[in-house]
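Reading through the structure tokens given below for one structure.
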Amino acid sequence: MAQFESSIKQIPYAQQKVYDMLSDLSNIDRVKDKIPEDKLNDLTFDSDSISINASPVGNITMRIIEREEPKCIKFESENSPMPFNFWIQILPTSETASKMRLTIKADIPIFLKGMVTKPLQEGIEKIADALAMIPYEG
């Protein structure tokens, strides 16, 4: 299993607000306009799952498999060329701020590891950047 982690992102919102928003994927609808149009290829979601067409890989679906309020949300791939787990950790830094780190554990075949390591690391960092910029106020 290969593991990829984002850098720690500071978020100017309380841990509970961040958790409440990210643990219900239907909240994505509120921030869709913040996601670049070219990244929204066939983005579909409900409260527990999200699917996106990620070229060149194709459709990828992730489902929330565990919620550990207010500090962790764990996802598992359902439709993906490589099985992986993804989780979001949220920790308080004060009453009004928190920090976040994203982690992916993927079962990458050895012959693909060289090709996917850099894109996965860059991708998780971009997702973390995007999540850190969301306005977490309802």
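The values are calculated or read from the model by the stated rules, or taken from the named source; none is laboratory data. Keep in mind it's a predicted model, so treat the numbers as computed, not measured. Every residue, glycine among them, receives a Cβ derived from its backbone with ideal geometry; neighbour counts consider all protein chains shown. Just the protein is used for accessible areas: all its heavy atoms, side chains included, with ligands, DNA and RNA removed. Shrake-Rupley method; radii C 1.70, N 1.55, O 1.52, S 1.80 Å.
Per-structure values
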| read-out | value |
| --- | --- |
| Test for residue 95: is it open to solvent by 60 Å² or more (accessible area, probe 1.4 Å), among the acidic types (Asp, Glu) and either within 17 Å of residue 15 (Cβ to Cβ) or at pLDDT below 90 (or both) | yes |
| Residues satisfying the stated conditions in the stretch 55-100, i.e. among the acidic types (Asp, Glu) and closer than 16 Å to residue 136 by Cβ | 69, 95 |
| Breaking point among (1) part of a helix (DSSP H, G or I); (2) surrounded by fewer than 13 Cβ atoms within 10 Å (Cβ to Cβ); (3) at pLDDT 90 or above; (4) of a type outside the set (Ser, Thr, Tyr), for residue 29 | (3) |
| Residue that is surrounded by the fewest Cβ atoms within 10 Å (Cβ to Cβ) [pool: residues in the stretch 117-136 that are of a type in the set (Val, Ile, Thr) and within 12 Å of the chain's Cα centre (by Cα)] | 127 |
| Cβ-Cβ under 7 Å pairs, at least 6 apart or on other chains, the stretch 97-119 side free of Cβ contacts under 8 Å to residues at least 60 places away in the same chain, far side in a loop (DSSP other than H, G, I, E, B) and surrounded by 16 or more Cβ atoms within 10 Å (Cβ to Cβ) | 116/108 |
| Cross-chain or 6+ apart pairs with Cβ under 8 Å, the stretch 58-69 first and within 16 Å of residue 21 (Cα to Cα), then assigned to a strand (DSSP E or B) and of a type in the set (A, V, I, L, M) | 64/73; 66/73; 67/73 |
